[in-house]
Each structure stands twice: as structure tokens, then as C-alpha cells.
Amino acid sequence: MSFIRRIKKGDKIYLAEVENSWLNGKCVQRYIRYVGKVADGKTILSSSISNVEIDQVKLYGPLLVLHHLASEIHLADHLGPLAGEILSLAYAHCLDYKSINQMPRWFERTDLNMMLPLEKLTEDRLLKALDSVEETQDLQTLQKVIFAAVQSKYHFKDSGIIYDVTNTYLYGKNCPLGKMGHDKEGVKGRSLIQIGLGVTRTEGIPVFHKTFHGNGHDARTLQDLITGFAENKIKTGFIVFDRGVTSQKTVKELKNISWNVVCGVALRGEFKPLLRSIIRKNQFVHLENRVHLSETIFYVITQFYKWEGIPGSLAWCFNEQQKRDLRESRYDEILHAQKLLGQNKVIKPGLEKFFNKNGQLIPPKLSEAEELDGYSCIFSTERLSKKEMLSIYFGDKDIVEKAFHSLKGVVNLQPIRHWLYNRVTAHVFICYLSYLLLALLKYRLRKLEMSPMEALTQIETMYKVYMKDAKKKFSLSKTVTLTKKQELILKTIDKNLLKS
């Protein structure tokens with residue numbers, strides 16, 4: 001597709017219609033015709049406005065930003081001959097979350113053909129691109145090359161790494177990587193894989209990811225992950241567990257090899273009476289206990305604690321909003337259950353404990369259920385501030401959730417026979433690329449204190465409009481006028497984006 005190029009001669013700027021074509025991997029530009037000029041910052045066309053009509057309106061702003069971030073680290077150079085297709089999947093995953101059979105239509109609504117060496121996308125080429133992820137080279141080696149490119153651009157500190165393990169379920173039955181395991185959502189009969197994610201401690205930039213069989217316990221993946229860190233010349237750091245995978249033995253073993261642990265602790269056993277004691281003796285909702293993390297307010301009290309002989313800190317956290325939400329949700333369910341019981345109908349499983357045999361509410365049972373709503377506990381083997389401990393534990397969960405959707409998402413390969421091992425692994429690789437771009441965007445936006453998802457939403461109305469002169473048979477494009485907030489976002493990322 002042709003576009004308008006600005007040509008500066010002396011103190012004047014002229015506009016010409018040109019066309020890019022790819023020849024031997026290089027972009028070659030061909031002059032088509034003169035269009036007009038720029039005077040006093042305004043475009044003056046060499047034709048009457050009455051002859052100009054809108055041809056197409058393309059999604060532009062978010063893709064401009066993502067492609068800029070990818071280009072800065074030369075991402076396409078590392079992804080092989082189908083780099084355009086792979087990047088289009090990663091960009092879509094960051095933005096619109098489309099399945100493969102929807103991707104061609106999505107591509108037509110975007111300006112990606114002007115950014116990537118692609119004329120159009122087909123489902124067949126996208127599937128070949130996924131296959132090529134495995135066929136070109138070892139994924140661990142590829143990730144090391146990509147992280148080296150990131151380091152060459154950003155020079156991040158390579159000390160202190162966090163990892164997060166996520167259970168992801170599959171909808172097919174023929175993937176040998178997916179095995180029946182413990183589903184953290186409690187749903188039985190779904191094949192699972194585990195995703196180990198290694199990121200830099202301070203910036204949260206992904207270093208590598210690995211996939212594991214879903215029937216292995218999370219703790220068993222640790223040695224493989226630590227080896228992954230060592231391959232990137234990182235020998236110590238943090239391991240982050242959720243409440244479902246922490247054991248005293250695991251914490252002790254990690255500490256013995258100089259890895260620190262930040263982990264969630266289930267409120268059971270000795271920890272429940274400990275929390276009750278803390279609540280009785282302290283006022284949680286107090287200014288000095290307040291920790292503002294992203295869009296959530298916590299009230300945190302810390303104490304020294306020895307776990308299996310290992311000294312560390314417990315952070316008792318109270319989320320007032322969560323307590324209120326849980327209470328109101330439970331009350332809604334109980335009131336609805338009372339109504340159903342009055343009509344001799346079946347109520348939601350789990351609510352029976354709140355009623356006696358006559359269908360009357362048992363207040364002590366309700367008080368017991370809501371006693372510890374909003375409270376949680378985090379243990380750290382290293383002395384950290386309240387905010388740092390919560391930041392490490394909760395990390396960039398919003399970005400992780402955005403990037404690592406369930407596998408029914410952007411590459412929803414149907415029918416089930418398409419669920420081959422290499423395509424599942426390739427999809428997780430697309431998720432990793434998406435996470436990389438979102439994490440880099442977050443880093444570039446750090447001065448604005450704006451999430452990458454919010455920034456992409458703000459600039460999604462930054463369209464490129466393609467127009468054509470019906471009489472003189474030439475076309476041109478123009479980016480819609482930016483809002484002040486959109487200008488600020490682009491300027492913060494890179495001021496050169498304002499010229500695009």
C-alpha cells in the first residue's frame with residue numbers, strides 16, 4: 001500500500017506518494033506522484049478537497065507503540081522468516097486477544113501491513129509461524145538471545161530475579177505436555193501445564209519462561225528454573241510462591257543455596273491464632289500501616305518470625321475493600337438462599353452450613369465465615385520494607401494475567417487434533433513475547449505511573465485515516481489529531497513517535 005512521504009528541500013517540505021516493497025529482506029521505496037506541500041504546519045493538497053474521500057480507517061496508535069518497542073530490541077531479527085506473523089500474534093495478544101481464525105479479519109482493520117513485511121495474514125501462515133517457533137532453534141537459546149538484546153538497549157540490573165508459576169488449562173485432550181494435575185481453580189478433568197516465568201527483580205522484565213507437565217508439583221520445577229537463571233549468569237535472587245505451593249522444606253532448601261523466598265502463607269494451623277492475636281493487639285487501619293500498591297490499598301503489620309529455623313518476616317495484610325466485597329457478596333447469596341428455602345427449593349452448595357434444619361440463619365456461623373475476610377499473610381526470608389515485600393509478592397499480576405491468558409485464547413486451535421505439543425509451547429512463547437512488550441511499556445511509562453493496559457487503551461483512538469483523490473487517482477494518509485494525554489504518552493515512551 002502506498003503512503004505519503006515528507007521530503008524536505010531547503011526550508012520547504014513537499015509531500016509525495018510513495019510505495020514500499022520488500023526485496024531480499026530490505027525495504028525499497030518507489031516514487032508515485034507529487035501530492036502537495038506543508039506550509040505553517042498545515043498540509044496543502046494539490047487537489048480540491050471536494051475530490052478527496054475517506055478510503056479506510058485503520059487501528060494505528062497501540063500498534064505503533066508495540067512495534068516501536070519490538071524494533072528497538074530488533075525482535076524481528078531473532079524470530080526467523082515468519083517474524084511478521086509471530087509479531088502480529090504477539091501484538092494481537094497484547095491488545096485484542098483474537099483466535100487464529102479471527103486474526104486475518106483483525107489484521108485488515110489495522111495498519112500492520114505498513115509496519116511488518118506482510119501483505120495479508122492467513123490462518124495457514126499463522127499455523128506455520130507457530131510451528132516455526134519450534135523448528136528454527138531451541139527456545140531457551142532464543143530467549144537468551146532476546147534478553148541479551150534487551151540488556152543491550154536498557155542495561156537492566158541482573159541481580160535479584162523473581163519467578164511466578166502459573167497453572168494453565170487446555171481444552172484439548174491430545175497434547176502430551178498437558179497432564180491431569182491439581183487445578184488451582186478447583187475444576188476437575190482439565191489437562192494442565194505449568195508455566196515458570198523468570199523476571200528481573202526491579203523492573204519485572206522477563207528473562208525466560210519454561211513449560212512443565214501439569215501433574216508435577218510446583219516445587220519440583222525449582223531446580224530447572226534456577227538452572228535457567230544460571231544460564232543467564234544469575235546465581236541468586238528471589239523465588240515467589242503463592243499459598244498453594246509453599247512448604248517449610250522447600251523454603252529451607254532454597255535458603256541453603258542462597259535463594260531468598262517471598263511466599264504466601266495459608267491462614268491455617270498456627271497462623272490463624274497468630275493472626276487473631278495480632279488483630280486483638282493492633283489497629284490495622286492506621287496511617288503508618290498503609291501501603292498503596294497499584295490500585296489497591298493494604299494495611300500491613302510485620303513481625304519477626306522463624307520458620308523451620310530460618311529467620312524472616314511475616315507481613316499480615318488487610319485489604320478493607322476486599323473484606324467489604326466478600327461480605328456483600330456473601331450477604332447477597334444468603335438472602336437469595338433464604339428466599340429459595342422459603343419456597344422449598346435447593347440452595348447453592350456450601351450455603352447449608354449457615355442455616356438450621358428449619359431454614360433459619362445461624363448468626364455464629366456467619367460471623368465465623370467472615371472473621372478473617374480481607375486478611376492474608378506473606379513470609380520473606382530477607383528483611384524488606386512493607387511495600388517492597390508486597391510489590392515482590394504481588395508483582396505485575398495484572399500484566400501476567402493480560403499476557404498469559406488461558407490457552408483457549410489467541411491461538412484457539414480447533415479442531416482438537418491441532419493441539420500438538422509444539423503448538424501449545426509456541427502459544428506460551430507468544431504469551432512470553434506479549435509479556436515482554438507490556439513489561440517494557442510499563443518501564444517506559446514509569447514516570448507517568450500509568451499501567452501499560454491503560455496507556456494502550458488511551459491511544460486506541462489514534463487511528464490512521466487513508467484518503468484518496470477520486471479525480472487525480474492518488475491516495476494519502478493522515479493520523480487523527482491527538483489528545484493532550486495521547487501526546488504525553490507517546491512523548492514519554494519516545495518523543496520521535498510524535499513524528500510518526
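The values are calculated or read from the model by the stated rules, or taken from the named source; none is laboratory data. Everything numeric here is computed off the predicted structure, so don't read it as measured data. So basically every Cβ, Gly included, is an ideal-geometry build from the backbone, and we count neighbours across all protein chains shown.
General remarks:
- HIS336 satisfies every condition listed in (1) closer than 30 Å to GLU288 by Cα; (2) under 37 Å from the mean Cα position of the chain (by Cα) except (1).
- Cβ-Cβ under 6 Å pairs, at least 6 apart or on other chains, the range 463-474 side under 21 Å from ASN113 (Cα atoms), far side of a type in the set (Phe, Trp, Tyr) and modelled with pLDDT of 65 or more: TYR463/TYR60; LYS464/TYR60
- Residues of the range 1-24 satisfying the condition of being in contact (Cβ under 8 Å) with a residue 12 or more places away in the chain and among the hydrophobic types (A, V, I, L, M, F, W, C): MET1, PHE3, ILE4, ILE13, LEU15, ALA16, VAL18, TRP22
- Scanning the range 305-327 for residues that are aromatic (Phe, Trp, Tyr) and at pLDDT 95 or above turns up TRP316, PHE318.
- In the range 365-389, residue surrounded by the most Cβ atoms within 10 Å (Cβ to Cβ) [restricted to those that are closer than 23 Å to LEU287 by Cα and charged (D, E, K, R)]: LYS386
- Here LYS249 clears all of (1) in a helix (DSSP H, G or I); (2) surrounded by fewer than 17 Cβ atoms within 10 Å (Cβ to Cβ); (3) in contact with a strand residue (DSSP E or B) (Cβ under 7 Å, 6 or more places away or on another chain) except the condition numbered (3).
- Residue satisfying condition, being surrounded by 12 or more Cβ atoms within 10 Å (Cβ to Cβ), under 22 Å from SER500 (Cβ atoms) and either at pLDDT 85 or above or under 21 Å from the mean Cα position of the chain (by Cα) (or both), within set LEU89, LEU69, LEU82: LEU69
- THR166 passes every criterion in (1) at pLDDT below 85; (2) farther than 21 Å from TYR432 by Cα apart from (2).
- Checking the range 278-295 against the condition returns a match, with at least one residue being in a strand (DSSP E or B) and modelled with pLDDT of 95 or more.
- Among the residues here, ALA266 qualifies as within 32 Å of the chain's Cα centre (by Cα) and outside any strand (DSSP E or B).
- Apart from one condition, PHE379 fits all of (1) within 30 Å of THR200 (Cα to Cα); (2) part of a helix (DSSP H, G or I); (3) in contact (Cβ under 8 Å) with a residue 40 or more places away in the chain; the exception is (2).
- Only one of the numbered conditions (1) at pLDDT 85 or above; (2) touching a helix residue (DSSP H, G or I) at 6+ places or on another chain (Cβ under 7 Å); (3) part of a loop (DSSP other than H, G, I, E, B); (4) more than 30 Å from VAL133 (Cβ to Cβ) is violated by LYS485, and that is (3).
- Any hit, the range 99-116, residues being hydroxyl-bearing (Ser, Thr, Tyr), more than 23 Å from the chain's Cα centre (by Cα) and assigned by TED's automatic domain parsing to the domain that holds TYR432: no
- Condition met for GLN102 (at pLDDT below 90, in contact with a Phe, Trp or Tyr (Cβ under 7 Å, 6 or more places away or on another chain), among the polar types (S, T, N, Q) and more than 25 Å from TYR443 (Cα to Cα)): no
- Within the range 327-383, the set of residues being at positive phi and touching a helix residue (DSSP H, G or I) at 6+ places or on another chain (Cβ under 7 Å) comprises GLY359, GLY374.
- Meets criteria (buried (at least 16 other Cβ atoms within 10 Å of the Cβ) and modelled with pLDDT of 95 or more) for LEU75: yes
- Neighbours by Cβ (under 9 Å, 6+ apart or cross-chain): first from the range 26-46, modelled with pLDDT under 65 and loosely packed, with under 13 Cβ neighbours inside 10 Å; second small (Gly, Ala, Ser) and in a strand (DSSP E or B): ILE44/GLY36
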